[in-house]
Amino acid sequence: MLNTIDLEKRWFRYKIKSYIPHLIIFIGVLAIGVPSFIIFNPKENDDNKKKVLSAPVVKKELETKSSPDLKNVSIPSSNTRIVSNQILDTVKNVKIQNDEDIMFEPSLNFMQNMRNSPPSFYAMDSSSKVNTQNNEKEEKKKAPNKIVQTKEKIEEIVLEENPVNTQTNTKVQKDIQTSVITINRKEASDDINNVIKRFKVNNNPVLSLFISKKYYELGDYPQAYNYALITNQINRDIEASWIIFTKSLVKLDKRDQAIQTLKDYIKDSNSNSARILLEEIQSGKFK
Amino acid sequence: MEPSIYSSSKGVFLDIVNPDEYVQLDRVSTIYQSLKDSINKPLKIILLFGKPGTGKSMFLTKLHKDLSTSKIVHLYETPILDESEFYKTLAQDIFFTKFSGELNFTQFMKIVKTSPIDSIPIVLLDEAQLYSDMLMEKIRLLSDSRTIKFVITLHKTEKEDLIAKEHFQTRIWETIELENASATELKLYIQKKLMKANCFDSASMFSGKNMNLIYKLTKGNYRDTNKLIYTLFDLYETYEQNNHLSSLNTNSISNKLVEMSAIQTGLINA
């Protein structure tokens, strides 16, 4: 007869022994798995948190971008063609920076365009008219004639879709339809310096006229006088240059010289603008 | 008092070589038929080899039983290690010649040549690995004379392989290797064995899991299986006698008891 009690004890010991390898494997897996889980999981959690946190932000941005008030178009102080070109160039940059926060700085790409365009002031004038024709009309109606401010901040510009504009402009405007643009303008002196550098390279009278106007706006009348004189020396037929030149003379207390200059110019050109300015100076309206 | 099913089932797996308890399995039957066919060929020696417990002795016993009615067959389950005694036994059994004193190979060959026999006698030698190399050489010479056919069984070890190669390589007509049973064969073996002894209840107690465990423990070795199942039913009988059977599920074999049997028989080292 078999000793079943002893056999059961031996069997029990055998079962315990047989489970030891499984137990070791289990503990090993735990020892490896738990630290791995702890190490790798928080990152995932962080990522998830970031995703959760970032989701509303994106949503807000989207909401902001997708709620353009097309009627509330406001482009302060931009009645000149140059400024309108600036805006168009800036708008081109909007497309590039579309995915980021849209904080625009003034671009001087328009100067490059000027360089590539015909050198004549009038040529540039006519070409820019094509692109900005409709905008100018609207701007003239809506915005009063203001001098371009040295520090201007253009906030929330939403451009209307303009079918007359070129293909590039159309694309840009489509992008901008769904976005709000914040344009911060920096010191104009930096712009002038850049333009002066460019002018020294190519002696373009358009640039010297622009510099002269800028200095005049800044109240630096001697510099305005100098660049207007340079512009006249390069091209004697630019009306705006003569007007800035005589205005600068008046500001520099050389009223007589300004009057004489205007009279001489009117003789040569029959310019109405020059005649009006002459009358204003003589009557004392312009001081 | 009638013996319990466990007691009668236990007896089925007693480790004895009984040709009446030979279990017909497909693969084993094919091998056996191949062996029988080889006997009818003009062979010198048939080598039957395999690991211990693969059924070599049972094969020889079965062959002896089947051929004894039609041929002169002599089975020597226990090796006759003394050479003179080996010759004297063969002379007496095959040629009905009693010889007193020492009988050497030359004298035995004289007896073989002078004795008129209608058919070639068949000598079945079990556990031939126990014979000395000298005696194995004499057996080889006897087989070369074509006066006696030998069927020998060897354990498959390196030594036995060497014997097979060196002594019998050119003389062996047929070599038959016996292997352990597969899982399916082992299941059939256990159930057929029990059903042959009318132990239907105990045969139905073995589940697939039990069979897999038994196969895992015995690796299909028939001798180990017999020992294990014998001990298993012995355990059941002990529990029954101690009135502890109620703690066991008697509808199926408990794997716990199978493992306990394996511990008892040494298949599990616990």
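Annotations for the structure displayed:
- A cut-off under 12 angstrom between Cβ atoms defines the neighbours of residue B:132, and their net charge, with Lys, Arg +1 and Asp, Glu -1, is -3.
- A straight chain from residue B:179 to residue B:252 at 0.36 nm per residue would run longer than the Cα-Cα distance by 23.4 nm.
- 3J(HN,Hα) along segment A:251-257: 5, 8, 6, 10, 4, 5, 5 Hz, from the Karplus curve 6.51 cos²θ - 1.76 cosθ + 1.60 with θ = phi - 60°, whole Hz, x for Gly and Pro.
- Net charge of neighbours whose Cβ lies under 10 Å from the Cβ of residue B:217, counting Lys and Arg as +1 and Asp and Glu as -1: 0
- Anisotropy class of segment B:216-270 from Cα gyration tensor, a/c 1.5 cut: prolate
- Principal-axis analysis of the Cα atoms of chain B puts helix B:105-114 at an angle of about 80° to the longest axis.
- Helix B:183-196 axis versus longest C-alpha principal axis of chain B: approximately 90°, rounded to the nearest ten.
- Panel values: chain B, Kirkwood radius from alpha carbon pairs, Stokes-Einstein at 20 °C and 1.002 mPa s, translational diffusion coefficient 104 µm²/s.
- Proximal charge balance of residue B:197 [Cβ under 11 Å; K/R count +1, D/E count -1]: +2
- Sorting A:236, A:255 by the number of Cβ atoms found within 10 Å of their own Cβ, with the fewest placed first, yields A:236, A:255.
- When the square roots of the Cα gyration tensor eigenvalues are ordered a ≥ b ≥ c, the ratio a/c for segment B:1-151 is 1.5 or more and a/b exceeds b/c, which makes its shape prolate.
- In nm, spacing of pseudo-spin labels at residue B:78 and residue A:257 (7 Å Cα→C-beta vector): 15.0 nm
- Look at the dipole of chain B built from charges on Cβ: of B:117, B:5, B:105, the Cα furthest out on the positive end belongs to B:117.
- Kirkwood hydrodynamic radius over Cα pairs of segment A:183-287, then Stokes diffusion coefficient at 20 °C and 1.002 mPa s, in µm²/s: 153 µm²/s
- For residue B:151, distant residues with modelled amide H under 5 Å away: B:46, B:123, B:124, B:125
Bear in mind these aren't lab numbers, they're just calculated from the coordinates by the rules spelled out. This is a predicted model, so every value here is computed, not measured. Here the Cβ is made from the backbone with ideal geometry for all residues, glycine too, and neighbour counts use every protein chain on show.
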